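> Following this message is one structure expressed as structure tokens.
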């Protein structure tokens with residue numbers, strides 16, 4: 001219920017400072033903290049995530065980074081390992097996160113594997129822990145801090161679903177720490193790179 005109430009709050013208000021849709025209307029409302037930022041998963045961030053994941057799994061991984069804000073990503077691949085970390089720092093990323101979780105609950109509320117499960121200690125602190133959610137059927141963690149929405153897909157052979165959930169949560173916490181700075185790294189760190 002809380003998520004449904006949050007998803008419907010404030011849509012359609014007008015603002016003169018930041019144009020969005022026709023007539024200056026914003027599609028998700030005019031809430032402080034919803035502005036687009038330059039936060040990004042830089043090339044160095046992707047390397048750091050790769051090293052941490054290799055240490056946890058004990059397997060060698062390759063990394064590919066697309067570090068351009070407001071939608072950056074880091075892919076980690078190895079033998080029977082596929083990990084992806086997406087960062088959305090565009091306008092109203094936080095609201096889109098809430099909308100996505102509400103829709104997932106509405107469509108799959110009776111299917112536990114497809115329903116969002118709150119994960120404490122990953123997203124913003126708050127009542128009920130609804131700022132981070134794991135969806136077992138997708139092996140994916142969704143989490144939000146401020147206006148940064150992270151999506152972490154985690155698949156590694158030999159790990160149980162709870163282990164993959166724990167690894168995805170740890171990776172999300174690292175990614176949030178790495179991307180907390182602004183504007184998201186030096187220009188040199190933003191060119192796509194493969195390692």
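> Quick check on this structure: which one of 112, 120 is within 18 Å of residue 173 (Cβ to Cβ) and part of a loop (DSSP other than H, G, I, E, B)?
Only one candidate passes the filter, namely 120.
> Just to be sure, is residue 152 touching a helix residue (DSSP H, G or I) at 6+ places or on another chain (Cβ under 6 Å), closer than 23 Å to residue 41 by Cα and modelled with pLDDT of 95 or more?
Details: touching a helix residue (DSSP H, G or I) at 6+ places or on another chain (Cβ under 6 Å): yes; closer than 23 Å to residue 41 by Cα: yes; modelled with pLDDT of 95 or more: yes.
Criteria met by residue 152.
> Within the range 136-146, work out how many residues are surrounded by fewer than 24 Cβ atoms within 10 Å (Cβ to Cβ) and over 15 Å from residue 174 (Cβ atoms).
6
> A further question follows. Report the residue count in the range 67-97 for those that are within 12 Å of the chain's Cα centre (by Cα) and crowded, with 22+ Cβ neighbours inside 10 Å.
Qualifying residue count, the range 67-97: 9.
> Do any residues in the range 106-120 that are closer than 13 Å to residue 133 by Cβ have Cβ atoms under 9 Å from those of residues that are assigned to a loop (DSSP other than H, G, I, E, B) and at pLDDT below 90, where the two are at least six apart or on different chains, and which pairs are they?
115/109; 116/130; 118/130
> Residues to consider are 142, 128; find the one that is assigned to a strand (DSSP E or B) and either farther than 26 Å from residue 52 by Cβ or at pLDDT 95 or above (or both).
142
> Quickly run through the range 46-100 and pick out the residues that are closer than 12 Å to residue 150 by Cβ, part of a helix (DSSP H, G or I) and in contact with a helix residue (DSSP H, G or I) (Cβ under 7 Å, 6 or more places away or on another chain).
49 - this is the single residue of the range 46-100 that is closer than 12 Å to residue 150 by Cβ, part of a helix (DSSP H, G or I) and in contact with a helix residue (DSSP H, G or I) (Cβ under 7 Å, 6 or more places away or on another chain).
> Based on what the data block shows, is residue 63 at pLDDT below 95 and closer than 22 Å to residue 170 by Cβ?
Answer is no for this residue.
> Among the candidates 155, 133, single out the residue that is part of a strand (DSSP E or B), within 25 Å of residue 75 (Cβ to Cβ) and more than 14 Å from the chain's Cα centre (by Cα).
155
The values are calculated or read from the model by the stated rules, or taken from the named source; none is laboratory data. Everything numeric in this text was worked out from a predicted model, so none of it was measured. Using ideal geometry, Cβ is built from the backbone for each residue, glycine included, and neighbour counts are taken over all protein chains shown.
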